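To start, the structure itself, in structure tokens.
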Amino acid sequence: MNNGHRPDYRVFSGNSNRKLAESICRELGRPLARATVGRFSDGEIQVEIGENVRGMDSFVIQSTSPDANTNLMELLIMIDALKRASAGSINAVIPYYGYARQDRKSAPRVPITAKLVADLLEAAGATRVISMDMHAGQIQGFFNVPFDHLYAAPVLLEHMRKRFDGDSQNVVIVSPDAGGVERARAYSKRLGSTLGIVDKRRTKPNVAEIMNVIGEVNGKIAVLLDDMIDTAGTLTQAANALVDKGATKVYAYATHAVLSGPAVERIMKSPIEEVIATDTIQLPPAAAACPKIRTLSVAGLLAEAVRRIHSADSLSSLFV
């Protein structure tokens, strides 16, 4: 205890988000806690917590991004290590929650992996989960422990306002699919711009066929908005459709830059001026070198969430 105040807290990181974790710790004004996350000679993950956590709040920052399986196992093993070290609470800070796309049975004999991961996190010992811009908000209901769903909107909107300062009437926020309309509407309302939708028909996973553009985009700057960019097939096809409909420029904003497979090549060949994403996922080398891709940091937002959780303050103002 510290003179009768709440016990101290520790912030740990696996290997997938170390840069973000270090940025969060800088925002908090404290060092990243010591933990060894390595491998045995046969490839099994080896974790050792390097300092005392007994009775303390502990925060583990780890996205289940590519390689999703390895990063998920690192997270689970770190949580188990903290539980066995008698941590007071174990908060899994998962900026990008992988396996979220399978959140329901969309066909016979398929899994619900979003629920499976939730069960694994709870079984490992997580007492709270914090994530950002979930692929489907209802995944929060898969957990029986507190779940804080943060949004990158404050960071992305600030960048949009600076970029389109005084020209919001000439901007249309476009959802690349029907599922993202609510998100796009919220952004367009706050930006004071109009709304557009690209209607697509998905023929199979990671393959999309663009069908139609709903809304007036002729002569306007189109801003595609999505929660994540994976192979960039939907995004680049939507950009082509918008240009065909008369959009003068096309930008893309997303929270999670997965950027797998041919994503970077597709973005480079597309009419998109720039893709802006956050650092919930560390960019792969090809994406980091791409002149069309830039990242904004959500470290300040996550640091404030960590600070408020530890001090038992409200997080509601961060949910906007």
*Test result for Ala238, within 20 Å of Arg163 (Cβ to Cβ), small (Gly, Ala, Ser) and modelled with pLDDT under 95*: yes
*Return yes or no: is Ala184 farther than 28 Å from Ile112 by Cβ and either buried (at least 19 other Cβ atoms within 10 Å of the Cβ) or at pLDDT below 95 (or both)?*
no
*Of all residues in the range 226-235 being among the β-branched types (Val, Ile, Thr) and either surrounded by 24 or more Cβ atoms within 10 Å (Cβ to Cβ) or part of a helix (DSSP H, G or I) (or both), the one that is modelled with the lowest pLDDT*: Thr234
_Let me spell it out: the conditions are (1) assigned to a strand (DSSP E or B); (2) touching a Gly at 6+ places or on another chain (Cβ under 8 Å), and Val117 meets all of them except one. Which number is the exception?_
(1)
*asked:* Can you tell me which residue is surrounded by the most Cβ atoms within 10 Å (Cβ to Cβ) among those in the range 136-181 that are among the β-branched types (Val, Ile, Thr) and in contact with a helix residue (DSSP H, G or I) (Cβ under 9 Å, 6 or more places away or on another chain)?
replied: Val174
*For the range 142-164, does any single residue satisfy the condition of being farther than 28 Å from Ile61 by Cα, touching a Leu at 6+ places or on another chain (Cβ under 7 Å) and part of a loop (DSSP other than H, G, I, E, B)?*
no
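Listed here are the residues, each with its yes/no results for (1) farther than 29 Å from Asp230 by Cβ; (2) touching a Phe, Trp or Tyr at 6+ places or on another chain (Cβ under 9 Å).
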residue: Leu20; (1), (2): no, no
residue: Pro31; (1), (2): yes, no
residue: Asp42; (1), (2): yes, no
residue: Gly55; (1), (2): yes, no
residue: Phe59; (1), (2): no, yes
residue: Ala87; (1), (2): yes, no
_For the range 154-188, give me each residue that is of a type in the set (Lys, Arg) and within 17 Å of Ile214 (Cα to Cα)._
Arg183, Arg185
*Given Asp8, Asp103, which one is closer than 29 Å to Gly261 by Cβ and modelled with pLDDT under 95?*
Asp103
_Going by what's in this entry, would Thr248 be described as at pLDDT 95 or above, closer than 28 Å to Pro146 by Cβ and of a type in the set (Val, Ile, Thr)?_
no
*Mind counting the residues in the range 250-300 that are of a type in the set (A, V, I, L, M), in contact with a Pro (Cβ under 8 Å, 6 or more places away or on another chain) and under 20 Å from Ala153 (Cβ atoms)?*
3
*Extreme residue, surrounded by the most Cβ atoms within 10 Å (Cβ to Cβ), among residues of the range 80-112 that are without any contact (Cβ under 8 Å) to a residue 40 or more places away in the chain and polar (S, T, N, Q)*: Ser89
_Taking the condition of being buried (at least 23 other Cβ atoms within 10 Å of the Cβ), in a loop (DSSP other than H, G, I, E, B) and without any contact (Cβ under 8 Å) to a residue 60 or more places away in the chain, how many residues in the range 248-283 meet it?_
1
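The values are calculated or read from the model by the stated rules, or taken from the named source; none is laboratory data. Because the structure is predicted, anything quoted here is derived from the model rather than measured. We place every Cβ from the backbone using ideal geometry, glycine too, and count neighbours over all the protein chains shown.
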